[in-house]
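**Student:** Pasting in a structure now, in C-alpha cells, and then I'll have a few things to ask.
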Amino acid sequence: MNALLQDLQFALRQLRKSPGFTATVLLTLALGIGANAAIFTLVNSVLLRRLPVADPATLVRIGDNNNCCVNGGVQKNGDITLFSTDGYLRLKKSLPEFAELAAMESGFNYWSIVVRREGQPQGRSVMGEFVSGNYFRTFGLQPAAGRLLTDSDDVQGAPVAAIMSYESWQHEYAGDSAVIGSTFRVNTQPVTVVGIAPQGFYGDRLTSTPPEFYLPIESKARLANVPWVHNPDTDWLYLIGRVRPGVNQAQLQQKFGGMLRQMLAPRKVFSTNFGKPYLAKTHVVLTPGGGGIQALQEEYKSNLHLLMWISGAVLLIACANIANLLLVRGMSRRAEMSVRTALGAQRSRIVRQLLTESVLLATLGGLLGLVVAYAGAHALLILAFPDTPNLPIAASPSSPVIAFALALSLITGVLFGVAPAWIAAQAQPADALRTGTRTTASGASWLQRSLVIVQAAVSLILLVGAGLFVESLIKLQTADLKLDPTNRYLVHFSPQAAGYATTQVEALYRTIEDRFHALPGIVNVGIATYTPMEDNNWSDSVQIQGEADKNDDNASFVKANADYFASVGTRVVMGRGFTIQDTSSAPPVAVVNRTFVKHFFKEGESPIGHRLGPPGPNSDGDFEIVGVVDDTTYTTVRWKDHSMYFVPITQRFAHDKHPIAEDITLYAGAIVLETDRPMSDMEKLARSTLSIINPNLTVSKFQTFDQQIADRFSDERMIARLMTLFGALALMLASIGLYGVTAYGVVRRTSEIGIRMALGAERLRVIAMVMRGAMIQAIIGLVLGIPVALLCVRFVKAQLYEITSVNPLVMAGAIVTLACAAAIAGIIPARRAASIDPVKALRVE
C-alpha cells in the first residue's frame, strides 16, 4: 500500500507539472468516454430496462412480437401474440402453471380517454389503459395511496373503478388525498378513483406517454363504446404472467399452443379451406416478460446499436490520441527513466509507475466523461423523443452507466498505457550519461504513425456514414408526398370519448363543418378517421367484384368527408371525389388511389363503375368506385406501392351485419383545417370552437401539417445529426493526433532540419518535407478506410432511404474534408520547422 500511495503521489506531481499534456488527455478522454456513456445511458434506459415491479425475472410474456392493435382473421405465420377477452379468461382458468396471468390492451394512444373531475368545466385527453383485475397483483405492486384494482372490479356490472398514476396525481392534483374516492367523468361516464399506482410505475411497456389512468377490461365496452370486448373472434389483449417455481417453460409453451389451437378451431375463418392450413401452424412463443411489452425497444433497437458502434469508433480514435501522447511523453522521459534505472529501480516498478499515471488519467477522464454523458444524454433524449415531457427515462447516469464509464476508463488506461510504459522502461542507464548525440534523430515511431493511420481510416468511415445518413434524410424530407401542407392544421379529437353514439356523429360532423367554415380565413374543413403521415393505419382484405382470384389482397382505407381531399392537398385525377350528397342514406361509393388501380386492374382498364368489397366468391361489392386520387403518402415515406381506398365517413360497409351502434368506423379521429393564410391563433380557435359545440369535445393533439410530417422523420434526423456530430468529433481528434505526431517529429528532427537549412535548404522544401510525411499517413488511412466504408454500407442500408451504395459525391466530400484537415494539422508544425534558426538548432547538441 505504501508503494501504491507513493506511485499515486508521484503521478499527481507529474500531471501537475505538465498541465497542457494533462488537460489534452483529460479532454480527449472525457469526449470519448462521455459519448459512449451518453449512448449507454439511452441503451440502458431503453433496451436493458426492466419494469419497476417485484421480481421481474419470473415474469413471462405470451408472445414474441408487437402486433397492434385489434385483429381478426388469421396470422399467416401462425405466431400468436394477441388474444380475445374470452380466450384470456379460458387460459387463465386452464393453466395452473401460472401463479398469475394478467391481460392488458395491446394498443392505446394519446386520445384514448377524456377525463374530467366532477365540478370541473373542461375535460382533458389523457392516456388510459384497460387492464385485467389482477394486473397490479401480477406485478407484485402496492398502492401509493388507496387500493389497486382487484378481480371484483373486472366483472360485468361492477361499478367502474380507476387507478391514477402517481405522476398524474402529483402533477395534476398536487397529491390531493381527496382524489381517492372521488368521482371523475371518463368519456362522460362516472368512474371512481379508488387508488394511486406506486411511484415510478409507468405501466407494462416503455412509452413516450405513460398511462395516467388504469381501468378494468370490462369497462372498455361502456367507456369506449366498442363492440368487440367479448367478441371471441377479436384479438386485442397482450398477456403477461408469473410462472410458478419449477415449471418447465418448453413444456408449458407446447401445452399453451395445443390449448390455443383448440380455442381457435370453432372460429369461422378456420373452418374454411383458406383458414384450415393456418390453424395447424398456430403456436405461441413464451419470452421473458421482465421488460414488459417491447414495442419501443424494437423501434429504437437498430438505431441504438448503430450509435454504440459509432461512439465506439470515436473512443478508438480518442484512445489512439492518448496512446500517442503517452508515447511522446514516455520518449521525453527516457533520461529520467535511465537515471532511475541506474540508481537501481526495477523495470517492473517503472512500468507500474507509468501505468499508475495512465490509469489515474483514465479515471479522471472517466469522471469528466460522466459530466459529458449527462449533457449528452439530455441532448439525445431531446433528439430521440421530442416533445415528450412525461417520458419515464432519466438523463442522469444510473449506477450501471457509472460502472460502465469507470470500467471503460480503467480498460482504456491499462490497454493504452502498457505499450508506452514498456517502451519508456527500456531506457538504458548509459543514456543518462549522454548529454547529446551527433546523429540526426528519427521522427515519430512506426507505432505512432500506425495509430494516426488508424485514426484517419476510422474518421473517413464516420464521415462517409454521416454523409450517407444526411443524404438519406434529405431524400426523405424532399420526397414528393403528393400532398400540400401549406397553411394546414390538424386537430385530433374523439367523438367517441365525448359520449357521441354512432347514430349522432353525422349531425356532429355537419355541425363541425358549419362552425369552422364560419371562421374567417377557413377554406376547407376535412374530417377523417386519420390523416396522411400519421402513425396510424386501418386495413382489410378486399377484392373487386367478380375477381375472386384476388381474394387475399390487402388495402388500407380511410373514411373521410367531402372536403377531405382538398384539405390535405390530394388531387383527384379521374372521376370525382366525395360530395356533401354522399351521406349515410346515399348509395355507397369509394375513391381509390393510383396504386390500387395498378394492383387490382389491368393496364388501361378504368376502375370507374367497378365495385369493391370483402373477399369471397359471393361478394356483391360494398362500394362503387367513383374516382381515383394521387398516391398521397400515408404512415411513412418508406411504404411503397401502398394500395388505398377511401369511403364517405358516414357510410357503412354493407357486409358489416352488426347494428349501427357497434360500428366504430363511423368515428372520426382528426379534423384538417386549410386556411387562406398562416394563423397563429388556430389552436385557440379550434379548442374554443369544439368546446362551444360540446364541452366534452376536447383537442387531444394540435399540430400544423408540417409538424406532423416532420415528426415522422425524427429518428432519421437524430441519426443524421449524431452521425455528423461524431464524424466531426472523430475528424477533430484525428487532426489533433496527426498534428501531435508531426509536431513531435519536428522536435525530434530539430538538429537535422538545422543542418539542412545551414547547408542551404529552402523554407519551402522544409515545409514540403514535413507536409509529405503528414500527408502520406493521411493517404494510407484513406486507402484503408475507403474499402471498409464501402463494405459497411451493406450493414446500414436498411436504415437508409433509397441508398444501397456510397454516393461518389459523398465519398469525395469525405476524402476532401479529411485531406483538408490533415493539411491544416500538418502545415502548422511544417511552418514551425521552416522557421527554425540553424544556429540555435545546432546548439541543441
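**Student:** Based on DSSP, what percent of beta bridges with both residues in the chain are antiparallel, to the nearest 5?
**Tutor:** Of all bridge pairs located within the chain, approximately 75 percent are antiparallel.
**Student:** Would you kindly state how much longer the chain becomes between residue 755 and residue 265 on full extension, computed as 0.36 nm times their sequence separation minus their alpha carbon distance, in nm to one decimal?
**Tutor:** Extra length available between residue 755 and residue 265 comes to 167.0 nm.
**Student:** Between residue 250 and residue 352, what is the spin-label point distance in nm, taking each point 7 Å from the Cα along the Cα→C-beta axis?
**Tutor:** Label at residue 250, label at residue 352, 5.1 nm between them.
**Student:** Hey, another quick one. Taking the Cα centre as origin and putting +1 on Lys and Arg beta-carbons and -1 on Asp and Glu beta-carbons, what dipole magnitude results for the chain, to the nearest 20 debye?
**Tutor:** Dipole size: approximately 4440 debye.
**Student:** What residue among 413, 759, 401 has its Cα farthest toward the positive end of the dipole of the chain, where the charges are +1 on Lys, Arg and -1 on Asp, Glu, each on the Cβ?
**Tutor:** So the residue furthest toward the plus end is 759.
**Student:** Also: Mind checking the log10 I(q)/I(0) for region 516-663 at q = 0.12, 0.18, 0.20 Å⁻¹? Debye, one equal scatterer per Cα, no solvent, two decimals.
**Tutor:** Calculated log10 I(q)/I(0) at the listed q: -0.48, -1.10, -1.35.
**Student:** Along its principal axes, what span do the Cα atoms of region 756-805 show, with the longest given first and each in whole Å?
**Tutor:** Per principal axis, max minus min of the Cα coordinates gives 60, 16, 11 Å.
**Student:** On to the next question. Using alpha-carbon pairs under 8 Å, 6+ residues apart, how would you state the relative contact order of region 1-151 in percent?
**Tutor:** It comes to 16 percent, rounded to a whole number.
**Student:** Suppose R0 equals 45 Å. What FRET efficiency, 1/(1 + (r/R0)^6) with r the Cβ-Cβ distance, do residue 199 and residue 23 give to the nearest 0.05?
**Tutor:** 0.60
**Student:** Could you point to the residue in 303, 321, 293 farthest towards the positive end of region 218-340's charge dipole, with +1 and -1 charges on the Cβ of Lys/Arg and Asp/Glu respectively?
**Tutor:** So the residue we want is 321.
**Student:** Provide the gained length on full extension for the span residue 233 to residue 399, in nm with one decimal, where the gain is 0.36 nm per separating residue minus the Cα-Cα distance.
**Tutor:** Working: separation 166, 0.36 × 166 = 59.76 nm, distance 4.66 nm.
Result: 55.1 nm gained on full extension.
**Student:** Same structure, new question: List the lysines whose alpha-carbon lies under 18 Å from that of residue 475, not counting same-chain residues fewer than 8 positions away?
**Tutor:** 640, 797
**Student:** Enter the accessible area of residue 68 (Å², nearest 10), with the probe set to 1.4 Å and all protein chains included.
**Tutor:** 80 Å²
**Student:** Hey, could you get me the Stokes-Einstein D for region 228-363, Kirkwood radius over alpha-carbon pairs, 10 °C and 1.306 mPa s, rounded to whole µm² s⁻¹?
**Tutor:** 71 µm²/s
**Student:** Let me ask something else about it. Which of the cysteines found in the chain have nothing to pair with, since no other Cys Cβ lies under 4.7 Å from theirs?
**Tutor:** When partners are defined as cysteine Cβ atoms under 4.7 Å apart, the chain leaves 319, 792, 820 without one.
**Student:** Treat region 772-845 as a sphere of radius equal to its Kirkwood radius over Cα pairs and apply Stokes-Einstein at 37 °C in a medium of 0.692 mPa s; give the translational diffusion coefficient in µm²/s, rounded to a whole number.
**Tutor:** 216 µm²/s
**Student:** Provide the per-residue ³J(HN,Hα) series for region 40-50, in order, calculated from phi with Karplus coefficients 6.51, -1.76, 1.60 and θ = phi - 60°, each as a whole number of Hz, with x at glycine and proline positions.
**Tutor:** 5, 4, 5, 4, 5, 7, 10, 6, 9, 5, 10
**Student:** By the gyration tensor of its Cα atoms, with a ≥ b ≥ c the square roots of the eigenvalues, what is the shape of region 464-523: rounded for a/c under 1.5, prolate for a/b over b/c, or oblate?
**Tutor:** Prolate, because a/c is 1.5 or more and a/b exceeds b/c.
**Student:** Given a cut-off of under 8 Å on Cα pairs at least six residues apart, what relative contact order in percent is computed for the chain? Don't skip to the answer; put the middle values down first.
**Tutor:** Numbers: 1598 pairs, mean separation 139.5, N = 845.
Relative contact order here is 17 percent.
**Student:** Continuing with the same structure: Give me the Å³ per residue figure for the convex hull around the C-alpha atoms of region 290-416.
**Tutor:** Per residue, the Cα convex hull of region 290-416 comes to 126 Å³.
**Student:** Still on this model: What lysines could a cross-link reach from residue 684, if we take a straight Cα to Cα line under 24 Å and drop same-chain neighbours fewer than 8 places away?
**Tutor:** Hits, sequence-local ones excluded: 701.
**Student:** Could you calculate the contour length gain from residue 503 to residue 177, that is, 0.36 nm times the residue separation minus the distance between their Cα atoms, to one decimal place in nm?
**Tutor:** Contour length minus Cα-Cα distance gives 113.4 nm.
**Student:** OK, next. Run the simple label-point estimate for residue 772 and residue 692 please: 7 Å along Cα→C-beta, distance reported in nm.
**Tutor:** Calculated label separation equals 8.3 nm.
**Student:** I need to check one value: relative contact order of region 212-353, counting alpha carbon pairs closer than 8 Å and at least 6 residues apart, in percent.
**Tutor:** RCO, region 212-353: 14 percent.
**Student:** For region 667-798, rounded, prolate or oblate, judged on the Cα gyration tensor with a ≥ b ≥ c (square roots of eigenvalues), a/c < 1.5 rounded, else prolate if a/b > b/c? Numbers along the way, then the final one.
**Tutor:** Details: a/c = 5.58, a/b = 3.45, b/c = 1.62.
Cα axes put region 667-798 in the prolate bin.
**Student:** Would you work out the charge dipole size for region 1-88 about its Cα centre, treating the Cβ of every Lys and Arg as +1 and the Cβ of every Asp and Glu as -1, and quote it to the nearest 20 debye? Mind dumping the intermediate values first?
**Tutor:** Numbers: 7 positive and 5 negative charges, 115 e Å.
Roughly 560 debye, rounded to the nearest 20.
**Student:** Let me ask something else. Assuming R0 = 30 Å, can you tell me the calculated FRET efficiency for the pair residue 276 and residue 222, based on Cβ-Cβ distance, to the nearest 0.05? Numbers along the way, then the final one.
**Tutor:** Numbers: r = 37 Å, r/R0 = 1.22.
In this case the efficiency is close to 0.25.
**Student:** Can you tell me the order of 352-362, 243-253, 623-633 when each peptide is scored by its average per-residue count of other Cβ atoms within 10 angstrom, highest first?
**Tutor:** Most protected by this proxy first, the peptides run 352-362, 623-633, 243-253.
**Student:** Rounded to a whole number, what % of the accessible area of the chain do carbon and sulfur atoms account for, probe 1.4 Å?
**Tutor:** 58 percent
**Student:** Continuing with the same structure: So which lysines pass the test for residue 255, namely a Cα distance under 23 Å, with those fewer than 8 places away in the same chain ruled out?
**Tutor:** 76, 92, 93, 276, 281
**Student:** Among 342, 472, 745, whose Cα lies farthest out toward the positive end of the dipole of the chain, if unit charges sit on the beta carbon of Lys, Arg (+1) and Asp, Glu (-1)?
**Tutor:** Going by the Cα projections, it comes out as 342.
**Student:** At 1.4 Å probe size, with every protein chain present, just tell me what the per residue accessible area of the chain comes to in Å².
**Tutor:** Normalised by residue count, the accessible surface of the chain is 43 Å².
**Student:** For region 661-729, what is one quarter of the convex hull surface built on the Cα atoms, given in nm²?
**Tutor:** Dividing the Cα hull surface by four gives the mean projection, 8.1 nm².
**Student:** Now a separate question. For region 1-144, what D do you get in µm² per second when you plug the Kirkwood radius from alpha-carbon pairs into Stokes-Einstein at 37 °C and 0.692 mPa s?
**Tutor:** Translational diffusion coefficient: 152 µm²/s.
**Student:** For a test of the definition: using alpha carbon positions, the gyration tensor, and the 1.5 limit on a/c, classify region 596-739 as rounded, prolate or oblate. Mind showing how you got there, number by number?
**Tutor:** Values: a/c = 2.89, a/b = 1.53, b/c = 1.89.
Cα axes put region 596-739 in the oblate bin.
**Student:** Next question. Could you tell me how far the Cα centroid of region 456-493 sits from the Cα centroid of region 123-196, in Å?
**Tutor:** 42 Å
**Student:** Helix 446-477 versus the longest principal axis of the chain: what is the Cα-based angle in degrees, 0 to 90, to the nearest 10?
**Tutor:** 20 degrees
**Student:** Something else: Label 7 Å along Cα→Cβ of residue 118; region 198-225 residues with amide nitrogen under 18 Å?
**Tutor:** none
**Student:** Label-point separation (nm) for residue 479 and residue 656, each offset 7 Å from Cα along Cα-to-Cβ?
**Tutor:** 2.9 nm
**Student:** If you don't mind, there's one more thing I want to ask. Please list the three semi-axes, largest first and in whole Å, of the ellipsoid equivalent to region 59-211, using sqrt of 5 times the eigenvalues of its alpha carbon gyration tensor. Display every interim value, and only then the final one.
**Tutor:** Numbers: eigenvalues 164, 62, 45 Å².
Each semi-axis is the square root of five times an eigenvalue, giving 29, 18, 15 Å.
The values are calculated or read from the model by the stated rules, or taken from the named source; none is laboratory data. Model, not experiment: these values are computed from the prediction. Cβ: placed from backbone, ideal geometry, glycine included. Neighbour counts: every protein chain shown. Side chains are part of the model used for accessible areas, which takes the heavy atoms of the whole protein and leaves out ligands, DNA and RNA. Shrake-Rupley method; radii C 1.70, N 1.55, O 1.52, S 1.80 Å.
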